[in-house]
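Okay, so here's the structure we're looking at.
The numbers here are math on the coordinates, done by the rules we state, and not lab data. In this text the structure is predicted, and so the values were computed from the model without any measurement. So basically every Cβ, Gly included, is an ideal-geometry build from the backbone, and we count neighbours across all protein chains shown.
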Ligand SMILES: Cc1cc2nc3c(=O)[nH]c(=O)nc-3n(C[C@H](O)[C@H](O)[C@H](O)COP(=O)(O)OP(=O)(O)OC[C@H]3O[C@@H](n4cnc5c(N)ncnc54)[C@H](O)[C@@H]3O)c2cc1C
């Protein structure tokens, strides 16, 4: 028997287990999935938790409910990958040999990368919402916060779901309106980018929305430290921004196990061929989701599209064929804009998000890059789709792994 | 669009970044630096060479990368290129403005 091992049973690892358990010849292959956790979190839900829109039980399920019964689920912490000898070293001392390896260990926040970030004010007036604990602590804080300067901040790129901090700003605006205290809150959006987003058309659309919602923006801000005593953030150029409540997205990094294995770049992301998803250093290692260094968004939708491509390429690899399936960087993200509206963006490595209709040219029903209630329902439906369609590896009707240009208004 | 920099006609984008690195030379670098009120010292040139090499190797540039490059730390980088250091350094170097991945 040959052994395929998947590291990580989050979004990407779970999808791969579901794809491969019926695509591989099970008389020849066993499949193992390793994860240290027993709970699967719907991370997009962390955005809604602070505003009391979702409850914890809406976003947590058991990992094992999503892993097929003919796949071995191993609940252990991975210490390192020993790629030269094709085995996994578990933290407890066990070893697991593999013939084929898929790394899907994701990315996590690293507040310790910034001076003072997890200092005295951490979870008192400095919060993150990229972890369950952070989002929950922030919810409790917001419930009785009296107002002041709310600063929403991105430390450095890349981060998971790069639009989430903007959505947080929009939702905060609408949350304080509903609490009838918007006039007591100044909202500032602080980013290391030169504008609200990275690509021209979406940046223009999003900056317009920020202005409309009276959210000020500070761009090109490269943080050097959080000053806990004076409650300010300071950038290398000397800019100082005071806060009463700081909601920051700390540096995101791949898991430390990647560093221990000597397989990562300076942020512990694994150098990966952006089209085939094969690791650049080891032919029998493939990488998917947030763990890669490919220049695509770190998003569940991206992992979903990658999973289709990777499944094909794993089958090619086993048959010693060339890896002919190529990923184009396709991402598809809803952006919550508050007051039960959202906008939708669809893009890839080469095409920036533009306006138009989706998924059917001229028909929609979803509108690209424009606020609508329909898009908001799309975002909320995404949670159901995530648990019931995405994780199971079922294709989303009418949305293909590689991006379609139909119905879009490029210049 | 076309622009004449240091007596040479080059292709630039709306923001003034060269769109074809092959057209770049040191005089062009010096001219763009001057437009940004920077007089290039040997240390500036070390940074410029470094970012050009990273560009040729297709490594995406970030402030963090520069800070860990061994060429300068982030404080020194800001001292050399005070306003938006990465944007300015790449412009002088004749390479695209780093996008900051999406
Ligand atoms: C606030 C927020 C909002 C988001 N919103 C959206 C959205 O609207 N749309 C969207 O598409 N995406 C969104 N995302 C991104 C999405 O959640 C991620 O891109 C996706 O979960 C990535 O999947 P993954 O499998 O690569 O990593 P993960 O799902 O994070 O899984 C990694 C798994 O590896 C395990 N692991 C790691 N290291 C070890 C180890 N050493 N030993 C054992 N196990 C280990 C972890 O326990 C985890 O279960 C959001 C993310 C956040 C944080």
For the stretch A:327-403 and the stretch A:17-81, write down the distance between their C-alpha centroids in whole Å. 23 Å
Taking r as the C-beta separation of residue A:62 and residue B:19 and R0 as 35 Å, the FRET efficiency to the nearest 0.05 is 0.10
By average Cβ neighbour count within 10 Å, what is the ranking of A:67-73, A:376-382 from highest down? A:376-382, A:67-73
Bins of 20 Å, starting at 0 and running to the largest distance - Cα pair percent for chain A: 27, 57, 16, 0
What residue among A:91, A:172, A:325 has the largest mean-square fluctuation in a Gaussian network model of chain A, using Cα springs under 10 Å? A:91
When the helix-only estimate is applied to chain B (DSSP H runs of n ≥ 4, each -39,500 (n - 2.57), divided by the residue count), what is the mean residue ellipticity at 222 nm, nearest 500 deg cm²/dmol? -13000 deg cm²/dmol
Please state, rounded to one decimal and in Å, the Kirkwood hydrodynamic radius that the stretch A:300-352 gives when every pair of distinct Cα atoms enters the mean of 1/r. 12.9 Å
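Restricting to bridges with both residues inside chain A, how much of the DSSP beta-bridge set is antiparallel, in percent to the nearest 5?
In chain A, approximately 50 percent of DSSP beta bridges are antiparallel ones.
Find the eigenvalues of the gyration tensor of the Cα atoms of the stretch A:365-411, then list the square roots of 5 times those eigenvalues as equivalent ellipsoid semi-axes, largest first, in whole angstrom.
22, 17, 6
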Report, in degrees rounded to the nearest 10, the 0 to 90 angle that the Cα long axis of helix A:373-385 makes with the longest principal axis of chain A. 40 degrees
Hull surface divided by four, with the convex hull built on the Cα atoms of the stretch A:1-135: how many nm²? 10.2 nm²
Using a 7 Å offset from the Cα along the Cα-to-Cβ direction at both residue A:95 and residue A:394, what is the distance between the two label points in nm, to one decimal? 4.2 nm
Residues of the stretch B:53-77 with backbone N under 20 Å of the label point set 7 Å from the Cα of residue B:41 along Cα→Cβ are B:66-77
Working out 0.36 nm times the residue gap between residue A:230 and residue A:320, then minus their Cα-Cα distance, what length gain in nm do you get to one decimal? 26.3 nm
Kirkwood Rh in Å, taken over the stretch A:109-252 so that all alpha-carbon pairs contribute: 15.2 Å
Report, to the nearest 10°, how far helix A:132-143 tilts away from the longest principal axis of the Cα atoms in chain A, using its own Cα long axis and a range of 0 to 90°. 20 degrees
Percent of C-alpha pairs per 10 Å bin, the stretch A:104-168, short to long: 17, 54, 27, 2, 0
Mind jotting down a quarter of the surface of the convex hull over the alpha carbons of the stretch A:331-390, in square nanometres, one decimal? 4.3 nm²
Given the DSSP H assignment, sum -39500 (n - 2.57) over each helix run of at least 4 residues in chain A and divide by its residue total; what's the result at 222 nm in deg cm²/dmol, nearest 500? -7000 deg cm²/dmol
For chain A, set up a Gaussian network in which alpha carbons nearer than 10 Å are linked by springs, and say which option among A:134, A:148, A:93 fluctuates the most. A:93
Using alpha-carbon positions, the gyration tensor of the stretch B:1-97 gives root eigenvalues a ≥ b ≥ c; with a/c under 1.5 called rounded, otherwise prolate if a/b exceeds b/c, else oblate, the class is prolate
With Cα atoms, 0 to 90° folded angle of helix A:164-178 axis to chain A main axis: 40 degrees
Modelled label-to-label distance, residue A:23 and residue B:75, 7 Å Cα→beta-carbon offset: nm? 5.1 nm
One finds, for residue A:409 and residue B:1 with R0 = 30 angstrom and r their Cβ-Cβ distance, a FRET efficiency to the nearest 0.05 of 0.80
Ratio Rg/Rh [Cα only; Rh per Kirkwood] for the stretch A:275-411: 1.00
Just the Cα atoms of the stretch A:48-115: what Rg and Dmax do they give in Å? 17.0, 49
